[in-house]
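Student: Here it is: the structure, laid out below.
Throughout, read-outs are computed from the coordinates displayed, never taken from laboratory work. As the structure is a prediction and not an experimental result, all values here were calculated from the model. Glycine also receives a Cβ, built like all others from the backbone with ideal geometry; neighbour counts cover every protein chain displayed.
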Amino acid sequence: MTLPSQCHFVLVHGAQHGAWCWFKTQELLEKCGQQVSAIDLVSAGASPVDADDVESFDHYSQPLYDLIESLPNENKIILVGHSMGGTTIARATERYPHKIHVAVYVSGSMYTSGMSGTEINGEVFGELAASAQYNFAKGPDHPPTSCWPAVEVVKRLYYSNCSPEVS
C-alpha cells in the first residue's frame, strides 16, 4: 500500500488500556518520519473520568472524534484499533469516511450485523469476563457500569509474551 503524502497514524487502545500501550509502535513510526497520535479514550489511561461515569459508547470515543475533527482534511488518517479499539475505529470510519485513508484492526473487535455487545464479549472475552469484578454505579437493577478482570488473568492472556518489566 502506498501512503498518501500527508498521512497521520491514529492509534486507539483496547479495553483496560490507554495510549501508553502504543509507546513502542509510536516511537518506531515517528522514527520513520510519520505523524502519529495515540489517544486515551474517556476513562482510560490518563483520562480523569471514572469508568462508572461513561455515559455512552460515543462519550467513551469522544477523544478520537475530537482528534479527527481537529486534523486538516488534506491529512488522510490511518486508524489503528487494537481489541475493543476496533469497535471504536469502526464507529469513527462511519462518522468521518472522508478523512479516513484506511482502518487497521489489530485483533480488533468487529461486530457482524445484528450481533450484540453481550454476544461478542462472551465469545471473545469469556475468561476475562468470568474473572472480572463488576461495578454497578447506577444500582443493582441496571447493567454494570464498569468491570475489572483479575490481574493474573490479564497478565496471562494479554502479556504472556512480554518481558516482566512490561507486564
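Student: Ranked highest first by the average count of other Cβ atoms within 10 Å around their residues, in what order do 148-154, 83-89, 17-23, 7-13 fall?
Tutor: On the way: 148-154: 13.9, 83-89: 24.7, 17-23: 17.6, 7-13: 22.9.
By packing density, highest mean first, the sequence is 83-89, 7-13, 17-23, 148-154.
Student: Just going by the charge dipole of the chain, with Lys and Arg at +1 and Asp and Glu at -1 on Cβ, which of W148, L128, L29 is farthest out on the positive end?
Tutor: L29
Student: Give me the distance in nm between label points sitting 7 Å out from Cα along the Cα-to-Cβ direction at C32 and A150, one decimal.
Tutor: Each label point lies 7 Å from its Cα, and together they span 3.9 nm.
Student: Still on this model: Using Cα pairs closer than 8 Å and at least 6 residues apart in sequence, work out the relative contact order for the chain, in percent.
Tutor: Normalised by residue count, the contact order of the chain is 19 percent.
Student: Per-residue ellipticity at 222 nm for the chain, helices alone: DSSP H runs ≥ 4 residues times -39500 (n - 2.57), over residue total, nearest 500 deg cm²/dmol? Please report the intermediate quantities before stating the final value.
Tutor: Values: 6 runs with 57 residues, N = 167.
My calculation for the chain gives -10000 deg cm²/dmol from helical runs alone.
Student: Another question, if that's okay. When the Kirkwood hydrodynamic radius is evaluated over all pairs of different C-alpha atoms of the chain, what value in angstrom, to one decimal, is obtained? Write out the running numbers ahead of the final one.
Tutor: On the way: mean 1/r = 0.0586 Å⁻¹.
This gives a value of 17.1 Å.
Student: With a 10 Å cut-off between alpha carbons and a GNM built on the chain, which of G126, G139, G108 moves the most?
Tutor: G139
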